[in-house]
Amino acid sequence: MSFNTFGHLFRVTTWGESHGPALGATVDGCPPGVEIDAAALQHWLDRRKPGQNKFTTQRQEPDAVRILSGTFEGRSTGTPIQLMIENTDQRSKDYGDIARSFRPGHADITYHQKYGLRDYRGGGRSSARETAARVAAGGVARAALAALAPGLTIRGYMVQVGPHQIDRSRFDPAEIERNPFWCPDPVAAAEWAAYLDDLRLNHNSVGAVIEVVASGVPAGLGAPIYAKLDSDLAAAMMTINAVKAVEIGEGMAAAALTGVENADEIRMGPNGPEFLSNHAGGILGGISTGQDVVVRFAVKPTSSILTPRKTITTTGDETELITKGRHDPCVGIRAVPVGEAMMACVLLDHLLLDRGQTGGQRGAIG
């Protein structure tokens, strides 16, 4: 299996399976001298790890990250950084029934069709457990961004669960860390809790929409035509397990706007250009404008449910299957820190690309 690496100058290769002894990431291209230690990376992993509340899988994994190479005395050396996270709470017996059957909605059937074999224990390489390695790599990217672009911040949150959306008039950033849904609307968070409780008890699941916003992004990141910042962000988010759609700025809603409504007008401010709106999501022509970079992605319902679903076996026989094990009623909840990590990796990659191409020079305005 190839294609386990993403990025151009800041490159991340993830490895490992859901029920293997460990998983991790090899991070190459991190500039030297960046302050990195396991405790700093652990902060981000703790936000993603399973078993923290009744709305996520009850698999108990500490997700403790170890740095095996690439740092010395707490700083990156410029050599590959090897990150490892051991698996400690595998229950492979839960997956015995699917060894010869394909779970509907999962990659079981496509892995079998492509490779002729598959690791059926939790989905193996296709499991969302792989995203723990991305979050660890994203921690490295955040540390480098803090050194190279100190004013840059990344914040993710859920804006929709099933058909239930937040009310943006109640948007409170302080609420994001106060509930299990990373929800900035306290009223919506309470409604989602009751809604997901009912789904969970009825052996069902639901999808979600996550928004990730990067503020303080320098103007000029990204390049035409095939290295657009928004195309790389869209590709990065689409690699996250269960993601089925990605939007930048207004996204699909832009199709309903007129040109008068959609064009972000510009005025000259005391510190440079100022945009009067941000329908473009902080990116024009594939290049950052200096505004907030806004990305949303939709996550499908968790396919592993305790409700019988029709399927077939590896021999072509028709059957019904209940997916046993410990699963999220809404996998979108734990996708929030993963989306943040992917945003960090892409932004750092493009920051390094821009330094290499332009040396950070910018066209003068005014």
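The values are calculated or read from the model by the stated rules, or taken from the named source; none is laboratory data. This one's a predicted model, so the numbers in the text were calculated from it and none came from an experiment. Cβ coordinates were reconstructed from backbone atoms using ideal geometry, including for glycine residues, and neighbour counts include every protein chain displayed. Ligands, DNA and RNA are excluded from the accessible area calculation, which covers all protein heavy atoms including side chains. Shrake-Rupley method; radii C 1.70, N 1.55, O 1.52, S 1.80 Å.
What to note about this one:
- Among S205, S169, S215, the largest mean-square fluctuation in a Gaussian network model of the chain (Cα springs under 10 Å) belongs to S169.
- Spin-label pair E177/Y226, simplified geometry with 7 Å Cα→Cβ offset, distance in nm: 4.3 nm
- Values of log10 I(q)/I(0), in the order q = 0.09, 0.13, 0.14 Å⁻¹, for the chain under a Debye, Cα-only, solvent-free model: -0.53, -1.09, -1.24
- Taking 15 Å as the cut-off, the amide N atoms of the range 100-142 that come nearer than this to a point 7 Å along the Cα-to-beta-carbon line of D317 belong to 100-102.
- With the helix formula -39500 (n - 2.57) applied to DSSP H stretches of n ≥ 4, the chain reaches a computed 222 nm mean residue ellipticity of -8000 deg cm²/dmol.
- Calculated FRET efficiency for the pair H203/A99, C-beta based, R₀ 22 Å, to 0.05: 0.50
- Computed accessible area, W182, all protein chains, 1.4 angstrom probe, square angstrom: 30 Å²
- For K49, solvent-accessible area (1.4 Å; no DNA, RNA or ligand), Å²: 60 Å²
- Extension gain for R362-A146 works out to 75.7 nm (0.36 nm per residue, less the C-alpha to C-alpha distance).
- Rounded tilt (10° steps) of 186-201 against the dominant C-alpha axis of the chain: 20 degrees
- Accessible surface of the range 182-257, 1.4 Å probe, proportion on carbon and sulfur as whole %: 61 percent
- When you restrict to C-alpha pairs under 8 Å that are six or more residues apart and normalise by the size of the range 156-249, the relative contact order lands at 26 percent.
- The accessible-area ordering, largest first, of the residues L353, L196, L117 stands as L117, L353, L196, per a 1.4 angstrom probe.
- Of the whole protein surface, T71 contributes about 50 Å² of accessible area at a 1.4 Å probe radius.
- In this structure the range 108-188 gives 43 Å² per residue of accessible area when probed at 1.4 Å with all protein chains present.
- Residue list for the range 117-142, given a label point 7 angstrom along the Cα-to-Cβ vector of S2 and an amide N cut-off under 20 Å: 117, 125-126
- Under the criterion of Cα pairs below 8 Å and six or more residues apart, the relative contact order for the chain equals 21 percent.
- Subtracting the Cα-Cα distance of Y115 and A190 from 0.36 nm times their residue separation leaves 22.6 nm of extension gain.
- Using a cut-off of 25 Å between Cα atoms, the listed pairs K49/K244; K49/K300; K114/K228 include K114/K228 as exceeding that distance.
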